[in-house]
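Heads up, the thing below is written out as structure tokens.
Any read-out appearing in this document is the output of simple, stated calculations on the displayed coordinates, not a laboratory observation. Given the structure is predicted, the values throughout are model-derived calculations rather than measurements. All Cβ positions, glycine included, derive from the backbone under ideal geometry; neighbour counts span all protein chains shown.
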Amino acid sequence: MRRKVMVLATCLGSFILVMFYFNSSLGSDDGQFLRGNWYGKPRRSPLQALYEGIQLDPSSIQAKHQKRRVLLDSACKSYTRKRRVLTSDDLKHLIVDDDHGLLYCYVPKVACTNWKRVMMVLTDQGKYKDPSQIPANEAHVPSNLRLLSEFSTPEINYRLRNYLKFIFVREPFERLVSAYRNKFTRTYNTAFHKRYGTKIIERHRRDPSVEALERGDDVTFEEFLYYLVDPVTQREEPFNEHWERVHSLCHPCIIHYDIVGKYETLEEDAQYLLQLIGVGDSIKFPSSSKTTRTTNGMAAGFFKDIPKFYQRRLFNLYKMDFLLFNYSVPHYLNIH
Ligand SMILES: *[C@@H]1O[C@H](CO)[C@@H](O)[C@H](O)[C@H]1NC(C)=O
């Protein structure tokens, strides 16, 4: 038995990056090394600023974020069984800012375009000054930002230990509805219609028309949900990042995020973070010009006609995101 385990461990070791990093504890040697000399300037790194700035005032924003960290930590302990090691594939959503010491895990449909814009300004050494001036398509050009997966194992470990790691999350079903609306109800998203829509219609619509099969541009929310809960879907390939769970995109139980921002309190959380980075006065988080923020609260309408059976399956699918980030079971859901 032990021999088998050893062999297995050796095999795994050959293609898994072993990355045991310690939680960014205060006063570690690395912290001492960076103190007073961060970015060539005599100031603290954002990570130091965060943990040294903790105040006892329970109504402070620091205390609020501290509570979120504690909640995430205890939810991870309660609901995940084993710690596993990270592979380089797990790090493809982590954007690196070496200038300020930041790691940002981007989650589509949670203000990620704006955060990518901010990360571009932070890392761009002066080419861009104002995030809101950067065109959306440019924010999504892969070469404009560096991902943690591109680094060597020691470089990865160093960054995981010493950088401030942050993530922004959103109520899971609001995010899902937002993804559906954006990818399946907008006429310009033909790539998604072809890639996913045609398949969804073929599998989940009774007697589809030839035209619908061809174009894939009129997927209903219900058909989309059937596709998500169908076990075949994930057996074939991982979910697209727009509807993949945050838990699977960012591994919040393995990577210890220092800041968990929420879409529901985006402005406040963004401002807090920019201040920690030390750019609160020079960089303004782009305000969402459109009505995106008011789309929160749309999910109830979309779930109204979904059969109970599928509501329950869908909730189970996204359950970890609800639990880890303290979102309560939606009142409209019919799962008992
Ligand atoms: C979790 O959510 C509940 C209910 O919305 C809230 O009262 C509580 O303060 C939240 N806890 C944290 C740590 O955010």
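Remark on VAL169: its backbone amide H falls under 5 Å from those of GLY261, LYS262, TYR263, a criterion applied only to residues 5 or more positions apart or on other chains, H modelled at 1.01 Å from N. For the stretch 184-282, the dipole from Cβ point charges (+1 on Lys and Arg, -1 on Asp and Glu) about the Cα centre works out to 400 debye, to the nearest 20.
Return the lysines within reach of LYS199: Cα separation strictly under 30 angstrom, same-chain partners fewer than 8 residues apart disregarded; answer none if there are no such residues. Hits, sequence-local ones excluded: LYS92, LYS109, LYS183, LYS304, LYS308, LYS319. Taking every alpha-carbon pair under 8 Å whose residues sit at least 6 apart, the stretch 184-289 reaches a relative contact order of 16 percent. Ranking of PHE309, PHE151, PHE168 by neighbouring Cβ atoms within 10 Å, starting from the fewest: PHE309, PHE151, PHE168. Taking θ = phi - 60°, what integer Hz values does the Karplus form 6.51 cos²θ - 1.76 cosθ + 1.60 yield along the stretch 145-154, in sequence order, with x for Gly and Pro? Result, ordered by residue: 9, 9, 9, 4, 5, 7, 9, 6, 4, x Hz. Taken about its Cα centre, the stretch 226-336 carries a charge dipole of about 460 debye when Lys and Arg each add +1 at the Cβ and Asp and Glu each add -1 at the Cβ. Cβ crowding within 10 Å, taken as a proxy for footprinting-reagent exposure, orders TYR327, TYR226 from fewest neighbours to most as TYR327, TYR226. Charges were assigned to the Cβ only: +1 to each Lys and Arg, -1 to each Asp and Glu. The resulting dipole of the stretch 70-218 about its Cα centre is roughly 540 debye.
Which parts of the stretch 303-321 would a label at HIS331 reach, counting a residue when its backbone N lies under 19 Å from a point 7 Å out along Cα-to-Cβ? From the stretch 303-321, the list is 303-306.
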